[in-house]
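Student: There's a structure below that I have some questions on.
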Amino acid sequence: MCGIVAYVGHRQAYPLLIKGLKRLEYRGYDSAGVALLNADGLKVFKKKGKVAELENELKAREPLATIGMGHTRWATHGEPNDKNAHPHYSSNSKLAIIHNGIIENFATIKKNLQKKGYEFRSDTDSEVLIQFIEDIQKETGATLEETVRLALHEVVGAYAIVIMTEDDPTQLIAARKGSPLVIGIGEEEFFFASDATPIIEYTKEVVYLDDLQIAVVRNGELTLQNLDKTTQIPYIQKVEMELEAIEKGGYEHFMLKEIFEQPRSIADSMRGRLNAEDALLELGGLRGYMDKLADAKRIVIVGCGTSWHAGLVAEYIFEELARIPVEVEYASEFRYRNPIIKEKDIVIAISQSGETADTLAALELAKSKGATILGVCNVVGSSIARITHAGAYTHAGPEIGVASTKAFTAQVTVLTLMAIAVAKKRKTISEDLYRQLLIEIDTIPAKVERVLKASEKIKEIAYIFTYARNFIYLGRGLNFPVALEGALKLKEISYIHAEGYPAAEMKHGPIALIDEDMPVVVVATKDSSYDKVVSNIQEVKARKGRVIAVVTEGEKQLHELVDFVIEIPKTHEILVPLLSSIPLQLLAYYIAVMRGRNVDQPRNLAKSVTVE
Ligand code: M6R
């Protein structure tokens, strides 16, 4: 969690850091701070709250400096307040650190330092690290770079850090293990950041730091070494991202922009992979692994949150089309339960950020047990993308709203393409069905466009239910994960309690909750479970529940039965989630806005969960 950004060069660092922190705020937003070094020394400014509050505080005295670093925090150790905000000084205030991650053995290190007389100004693990570095420096007299290396050898946990010293206004030292860090290389200037968004308007040339690497910029030069001191040649890559992709482009919120981007993001996730007319489908990133996939005895999908829901959709599709058994696991559970991994098992990780700590750890475990590990990630160059044997990017473009929307539909699209390709290879679907699916999936972006036209109607429904205290979401088959995802969207941005269930499960308990105050969202599209879902709706109506139904265009029966109807175009059953999830995103969005919530940065959350 947390966003970090640093700069050294010829520009004024402060405005650049503030702008960068705003772009990284999706990673955490409970406090923010900057450290700047000029003739007056190394100065730290920090404040509880969002970056704008820090900016406000510093308005009258914009600090001048051409070297500095900033941090936006998602609290792990110590409550969100001014003193726990980063950067943190060392005892003599000559060093400062920003840190994303968790130092697991901080308590032991802290105790030893306390015995030596060190005092702490915060409750954070990060301050312990910088004090530890100062202590080693005092004890050994080594260079700062060497001291950092010695300290990191002792550290257990995850980190992306940047360190500044008052003694050298040209120097920034950065290191990573488990938390992302990108270095931007400009003309006589260098940038460090948790992702490329603060960097791209200055340079497109970046180096992704690897785990256990230390990067040092000094006197305008970058050197890269492993923790064991072997020198690395920086591998410079070009970032493809454009500035407009990370701006709101006239929308009130990133989440709304991202919902409305879905016709394009779904098309982008298929671009270069699908040629429906000629019945061609190839996922380049999986080239060389298609035989293994087709030969798999079992596929295990791991992910968290929305990505886990995408995995559940994929389970239905893979089993239906490719007839390979699929298990979908919460990465956080998988990693700790000594899972049985057999030869010919394939483990697929789904992750928008590619940095989710639990998903990463689950993959590492599967890899250590000899599994072939594949990734479906959105962020290019992310940790998951780099540790997997192969994978397919979702190409949805940067997703900035904390609530995942376009990343979900892009994940489902890519996983569907994978399932179709594997089914074709295994000959578990007919040539006819194969062609039909390719033609149909190609029409999805246009159909999503039609679903989005219902946004005004969905807004009206949202208005009616703005102050509901609970919601139930129901669906069957492929629409069951859609119901889970709809409920997750509502709770995370509106803070309304919402539960998703397989519609048939309702009668085994949740039905006791149904009364006139319980809105029930039912995904009731015209598919193989339609009649059963209608019966479930009858059960809700018989208990006076108020039903909002997502139905297929042209459907008549439910118009009579339910309170509100949202129509989506007809499509092949396995593609329905790509359409049925969208009204639920809009419903959650409008309810949250009407309740005055901060939809892009809901409380207690952060976009990428890089801690356990
Ligand atoms: O980056 P990932 O896809 O690995 O993130 C997993 C979850 O943290 C994420 O999907 C989360 O549930 C979203 N905020 C939901 O909208």
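Student: Taking Cα centroids, how far is segment 430-500 from segment 142-175 in Å?
Tutor: 47 Å
Student: Largest first and to the nearest Å, give the Cα extent of segment 248-442 along each principal axis.
Tutor: 51, 42, 25
Student: A follow-up question, please. Sticking with the crude label model, points 7 Å out along Cα→Cβ, report the distance from residue 252 to residue 212 in nm, one decimal please.
Tutor: 5.0 nm
Student: Right, here's the next one. Rule-of-thumb check for segment 395-457: C-alpha Rg over 2.2 N^0.38 Å?
Tutor: Its radius of gyration relative to the 2.2 N^0.38 Å reference: 1.38.
Student: Multiplying the sequence separation of residue 512 and residue 121 by 0.36 nm and subtracting their Cα-Cα distance, what value in nm do you get?
Tutor: 135.6 nm
Student: In the structure shown, do any of 138/177; 427/526; 491/607; 424/532; 50/607; 297/367 have a Cα-Cα gap over 20 Å, and if so which?
Tutor: 138/177; 427/526; 424/532
Student: Next up: Using a basic spin-label model with each label point 7 Å from the Cα along Cα→Cβ, how many nm lie between residue 153 and residue 389?
Tutor: Between residue 153 and residue 389, the simple spin-label model gives 3.6 nm.
Student: Using +1 on the beta carbon of Lys and Arg, -1 on that of Asp and Glu, and nothing else charged, what's the dipole of segment 3-243 about the Cα centre, debye to 20?
Tutor: With Lys and Arg at +1 and Asp and Glu at -1, about 520 debye.
Student: Please sort by residue number the trypsin sites (Lys or Arg not before Pro) in segment 1-37 whose DSSP state is loop and whose Cβ has at most 15 other Cβ atoms within 10 Å.
Tutor: Loop-located and lightly packed - 11.
Student: Next question, about the same structure. Under the rule of -39500 (n - 2.57) per DSSP H run of 4 or more residues, summed and divided by the residues of the chain, what mean residue ellipticity at 222 nm is obtained, to the nearest 500 deg cm²/dmol? Walk me through the intermediate numbers first.
Tutor: On the way: 20 runs with 217 residues, N = 612.
Mean residue ellipticity, 222 nm, calculated: -10500 deg cm²/dmol.
Student: Taking θ as phi - 60°, what are the ³J(HN,Hα) couplings along segment 410-419 by the Karplus curve (6.51, -1.76, 1.60), each to the nearest whole Hz, with x for Gly and Pro?
Tutor: Ordered by residue, 3J(HN,Hα) equals 5, 4, 5, 4, 5, 5, 5, 4, 4, 5 Hz.
Student: Give the calculated FRET efficiency between residue 238 and residue 450 to the nearest 0.05, with a Förster radius of 45 Å applied to their Cβ-Cβ distance.
Tutor: Here the calculated transfer efficiency is 0.80.
Student: If the chain between residue 139 and residue 572 were fully stretched, how many nm would it gain, using 0.36 nm times the residue separation less the Cα-Cα distance?
Tutor: The residue 139-residue 572 span can extend by a further 149.0 nm.
Student: On to the next question. What do you get for trypsin sites (Lys or Arg not before Pro) in segment 514-611 restricted to DSSP loop and a cutoff of at most 13 other Cβ within 10 Å of the site's Cβ? Spell out each step's value before the answer.
Tutor: Working: sites: 526, 532, 541, 543, 544, 546, 556, 570, 595, 597, 603, 607; in loops: 526, 543, 544, 556, 570, 595, 597, 603, 607.
Filter output for segment 514-611: 544, 556, 603.
Student: May I have the convex hull volume per residue, in Å³, for the Cα set of segment 3-243?
Tutor: Numbers: hull volume 26.7 nm³, N = 241.
That works out to 111 Å³ per residue.
Student: Testing the spin-label approximation: label points 7 Å from Cα along Cα→Cβ at residue 364 and residue 469. State their distance in nm.
Tutor: 4.4 nm
Student: Only Lys, Arg, Asp and Glu count, each charged at its Cβ (+1, +1, -1, -1), so figure out the dipole size of segment 248-442 about its Cα centre, rounded to 20 debye. Show your work: numbers first, answer last.
Tutor: Numbers: 23 positive and 25 negative charges, 113 e Å.
Dipole of segment 248-442, to the nearest 20 debye: 540 debye.
Student: Continuing with this model, one more query. Report, largest value first, the span of the C-alpha coordinates of segment 83-212 along each principal axis, in whole Å.
Tutor: Cα extents, longest axis first: 47, 28, 27 Å.
Student: Pairwise over distinct Cα atoms, reciprocal of the mean inverse distance: report the Kirkwood radius of the chain in Å, one decimal place.
Tutor: 25.4 Å
Student: Also, I was wondering about something else. Once Rh for segment 426-550 is found with the Kirkwood sum over Cα pairs, what is the Stokes-Einstein diffusion coefficient at 25 °C and 0.890 mPa s, in µm²/s?
Tutor: Estimated via Stokes-Einstein, D reaches 153 µm²/s.
Student: Taking a point 7 angstrom from the Cα of residue 107 along the C-beta vector, which residues in segment 48-91 have backbone N less than 17 Å away?
Tutor: Residues passing the 17 Å test: 76-79.
Every read-out reported here was derived from the displayed coordinates using simple, explicitly stated rules and does not represent laboratory data. Since the model is a prediction, treat every value here as computed from it, not as a measurement. Ideal geometry is used to build each Cβ from the backbone, glycine not excepted, and the neighbour counts take in all protein chains shown.
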